[in-house]
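Trainee: First the structure, then my questions, so here it is.
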């Protein structure tokens, strides 16, 4: 039974984008466009080159930001401000999800490869403000991205997460490998099923999944 698999969990870790809202909101379309524009302006390359760089860095470094820092020594803070300056008009409050998160026993945190201020805006738009004990962005990991284990370790140390009593909810299957290795219960939240030994559960609907745990 799914509920029994989480009976030991006292620390609940949620990714943000495409996890605490449905990917149909397509916020990443806006973010990716902002990234391309930033790379074009900062590095003086054309649209095609900037888009290729964005995708290559995401695949090879975990985030576009990590690749830009590694290869071009860019300042991460202006980048994070620029790429997260997007409209959240497509997001709607989800009171049922809010109720299910509130009912979870123990501590709840958000950990995103985006920035904490951006996460706070998204949570407000979803009606989830004030439900979490901490909100952690890539800046709290020293700008190192998920899926790097050191990024998780740094954030979890700050948040006081006991990984032997924790669960991770995440849309990117790459980002569940380290939590699994650290002893966490892992839940892949996405429309498509991804097979992997590091994934314990899959759901297309986080709200419904959390409802089964109540």
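The numbers here are math on the coordinates, done by the rules we state, and not lab data. Nothing here was measured: the structure is a model prediction, and the numbers come from that model. Here the Cβ is made from the backbone with ideal geometry for all residues, glycine too, and neighbour counts use every protein chain on show.
Trainee: Could you work out the relative contact order of region 27-83, using alpha carbon pairs under 8 angstrom and six or more residues apart, expressed as a whole percent?
Mentor: Values: 42 pairs, mean separation 18.9, N = 57.
Normalised by residue count, the contact order of region 27-83 is 33 percent.
Trainee: Same structure again: From the helices alone, meaning DSSP H stretches of at least four residues, give me the mean residue ellipticity at 222 nm for the chain, per-run term -39500 (n - 2.57), in deg cm²/dmol to the nearest 500. Walk me through the numbers before you get to the answer.
Mentor: Details: 10 runs with 95 residues, N = 214.
Computed mean residue ellipticity for the chain: -13000 deg cm²/dmol.
Trainee: Does region 62-214 come out rounded, prolate or oblate, given a ≥ b ≥ c as the square roots of the eigenvalues of its C-alpha gyration tensor, rounded meaning a/c under 1.5 and, failing that, prolate meaning a/b above b/c? Write out the running numbers ahead of the final one.
Mentor: Values: a/c = 1.61, a/b = 1.21, b/c = 1.33.
Since a/c reaches 1.5 but b/c is at least a/b, the shape of region 62-214 is classed as oblate.
Trainee: Moving on. Expressed in nm to one decimal, what extension gain is obtained for the pair residue 88 and residue 129 from 0.36 nm per residue of sequence separation less their Cα-Cα distance?
Mentor: Numbers: separation 41, 0.36 × 41 = 14.76 nm, distance 1.47 nm.
Here the answer is 13.3 nm.
Trainee: State log₁₀ I(q)/I(0) for region 1-55 at q = 0.13, 0.21, 0.29, 0.31 Å⁻¹ as given by the Debye formula over alpha-carbon point scatterers of equal weight, solvent excluded.
Mentor: Result of the Debye calculation: -0.54, -0.82, -1.03, -1.08.
Trainee: Separate question: Please report the Cα spread of region 96-179 along all three principal axes, rounded to whole Å, starting with the longest.
Mentor: Between the extreme Cα coordinates on each principal axis of region 96-179 lie 33, 27, 23 Å.
Trainee: Sticking with this structure for a sec: Considering every Cα-Cα pair within region 27-83, what fraction, in whole percent, is farther apart than 15 Å? List each step's numbers first, then the result.
Mentor: Details: 633 of 1596 pairs.
Summing the P(r) tail past 15 Å for region 27-83 gives 40 percent.
Trainee: Now for a separate question. Could you compute the FRET efficiency for residue 139 and residue 204, with r as their C-beta to C-beta distance and R0 at 30 Å, rounded to 0.05? Walk me through the numbers on the way to the answer.
Mentor: Numbers: r = 31 Å, r/R0 = 1.02.
Once rounded, the FRET efficiency stands at 0.45.
Trainee: Give me log10 I(q)/I(0) at q = 0.10, 0.14 Å⁻¹ for region 1-138, Debye formula, one equal scatterer per alpha-carbon, no solvent.
Mentor: Debye curve over Cα of region 1-138, log10 I(q)/I(0) at q = 0.10, 0.14 Å⁻¹: -0.40, -0.71.
Trainee: Rank these for me by crowding, 209, 79, 14, going from fewest to most other beta carbons within 10 Å. Don't skip to the end; give the middle numbers.
Mentor: Values: 209 17, 79 21, 14 27.
The most exposed by this proxy come first: 209, 79, 14.
Trainee: Rounded to the nearest 5, what % of the DSSP beta bridges within the chain are antiparallel ones?
Mentor: Numbers: 0 of 18 bridges.
Around 0 percent antiparallel, to the nearest 5.
Trainee: Another question, then. Under the classification rounded if a/c is under 1.5, otherwise prolate if a/b is larger than b/c and oblate if not, where does region 103-151 fall, given a ≥ b ≥ c as square roots of the Cα gyration tensor eigenvalues? Don't jump to the answer; show the numbers that get you there.
Mentor: Numbers: a/c = 2.84, a/b = 1.48, b/c = 1.92.
Judged from the Cα gyration tensor, region 103-151 comes out oblate (a/c at least 1.5, b/c at or above a/b).
Trainee: With each pseudo-label sitting 7 Å past Cα toward Cβ, what's the residue 150-residue 28 distance in nm, one decimal?
Mentor: Calculated label separation equals 2.5 nm.
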